[in-house]
Amino acid sequence: MLIIHRLFKEFYRSEKTAGLILIICTVISLVLANSSAQHEYIHFWKISLGGMSLEHWINDALMTIFFLLIGLELEREIYCGELSTLKNALLPMAAALGGMCFPAAIYWLFNYETPTLSGTGIPTATDIAFALAILSLLGNRVPPTLKIFLTALAVVDDLGAIIIISLFYTQSLIASYLFIALGIFVVLLILNRLRVYSLIPYLVGGIAMWYFMHHSGVHATITGVLLAFAIPFNRNGERSPSYILQHAIHYPVAFIILPLFALANTAIPVNCEISAIVREPHSLGISMGLIIGKPIGITVFSYIAVSLGACCLPRLVNWYHIIGIGLLGGIGFTMSIFITLLAFNDPDIINQAKLSILLASCGAALIGFTVLHLTLKRLYIR
């Protein structure tokens, strides 16, 4: 358990730093995209390499490593973390479910029978790096149990987003490639059962699985999650293959891949009034889903779960804190932008949606920080 506790502490510290770096990268990208260097900067991400643009390599290949990390984190939570017992898992699972259903319903109401209905999944996601970065600004007044609750909620939320992507954002399907990819996954699972602990066959198999998944029509980033659950996890601490890989890719993801994703996907030229953009149905659905739907869904489903006696609030956590965490859950960014790229084809709508995500995430962060700042006890000592 000491190893798991240390891994969580390392995860929390790197995530909050990564969140601050993401904020800086986003600001830099927005400034460059609306400066005299706009054309050169936006064109840079469209440069073709090996048949795909630089932006697509980041979104389809590098982000697979990000999804691999999410899968490894989820695996750790299931075996040794907050999701290891049903009683502990029910609260963040209920909160995450509410935090997906309510925003999706709000978006659907604003976009029913419109061409932008395909964006229903956009406001369902929470950006764990941004959310933890904002929470970290409150210092040692934040109980460790509240940090763990937010982390577990965001990890389950990410799993939900992955399921949404795999079910609803597959444009076309080539069965032969998909069957080969799944066949490789089965082989990796067999290696797991045979207690093959070397990472090499899993990584080689993962690359092959990514290639066939990419050509199957299913978004290739799903490969990362499948690979994570094929890699052996055991309680041998630092000797566990899952631990070794998670430790190896954590910092590259936090400090290279996610900043590159932010730079490439927030190169948004603002060519019209923001007031006109936010009145569009898809923009309203995204904004209201993240700022209103997320906290309501997280709080209501958490309250129902606790009221039914299925679980209880973590130690030193009250309902005002849950509301504050629900608001931080409205920080969509990475996953919301990722789903936007899959949901829409029109570049103008994509840019409008991205801008709405950024504005709504900033609003959710500010309100969530304020609520937690006012409700967390000043004299709390770690």
Residue in the range 51-64 that is open to solvent by 30 Å² or more (accessible area, probe 1.4 Å), part of a helix (DSSP H, G or I), at pLDDT 90 or above and within 26 Å of G293 (Cα to Cα) present: no
Tally the residues that are among the aliphatic types (A, V, I, L, M) and open to solvent by 60 Å² or more (accessible area, probe 1.4 Å), restricting the search to the range 24-43. 5
Scan the range 236-278 residue by residue and report those that are within 22 Å of L30 (Cα to Cα), modelled with pLDDT of 80 or more and open to solvent by 50 Å² or more (accessible area, probe 1.4 Å). F255, I256, L260
With the checklist (1) modelled with pLDDT of 90 or more; (2) open to solvent by less than 20 Å² (accessible area, probe 1.4 Å); (3) of a type in the set (V, I, T) in hand, flag the one item I70 doesn't pass. (1)
Single unsatisfied condition, S198 versus (1) among the hydroxyl-bearing types (S, T, Y); (2) in contact (Cβ under 8 Å) with a residue 60 or more places away in the chain; (3) exposed (fewer than 14 other Cβ atoms within 10 Å of the Cβ): (2)
Among the residues listed as S198, S176, the single one being modelled with pLDDT of 85 or more, assigned to a loop (DSSP other than H, G, I, E, B) and polar (S, T, N, Q): S198
Condition first: of a type in the set (D, E) and modelled with pLDDT of 90 or more. Now tell me which residues in the range 10-45 satisfy that. E40
Which of (1) under 30 Å from H219 (Cβ atoms); (2) touching a residue at least 60 places away in the same chain (Cβ under 8 Å); (3) part of a helix (DSSP H, G or I) is the odd one out, the single condition I331 does not satisfy? (3)
Residues of the range 74-93 classified as more than 17 Å from the chain's Cα centre (by Cα), surrounded by fewer than 24 Cβ atoms within 10 Å (Cβ to Cβ) and either assigned to a helix (DSSP H, G or I) or among the polar types (S, T, N, Q) (or both), total: 10
On the basis of being open to solvent by 20 Å² or more (accessible area, probe 1.4 Å) and part of a helix (DSSP H, G or I), does L117 make the cut? yes
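The rows are residues; the columns are (1) out of contact with any Lys or Arg (no Cβ under 6 Å at 6 or more places or on another chain); (2) farther than 22 Å from L97 by Cβ; (3) charged (D, E, K, R).
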{"position": "G289", "(1), (2), (3)": "yes, no, no"}
{"position": "G293", "(1), (2), (3)": "yes, no, no"}
{"position": "H321", "(1), (2), (3)": "yes, no, no"}
{"position": "G324", "(1), (2), (3)": "yes, no, no"}
{"position": "N345", "(1), (2), (3)": "yes, yes, no"}
{"position": "N351", "(1), (2), (3)": "yes, yes, no"}
{"position": "K354", "(1), (2), (3)": "yes, yes, yes"}
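The values are calculated or read from the model by the stated rules, or taken from the named source; none is laboratory data. Quick caveat: nothing in here was measured; it's all calculated off a predicted structure. Backbone-built Cβ (ideal geometry, glycine too); neighbour counts: all protein chains shown. Note: accessible area is taken over every heavy atom of the protein model, side chains too, but ligands, DNA and RNA are not part of it. Shrake-Rupley method; radii C 1.70, N 1.55, O 1.52, S 1.80 Å.
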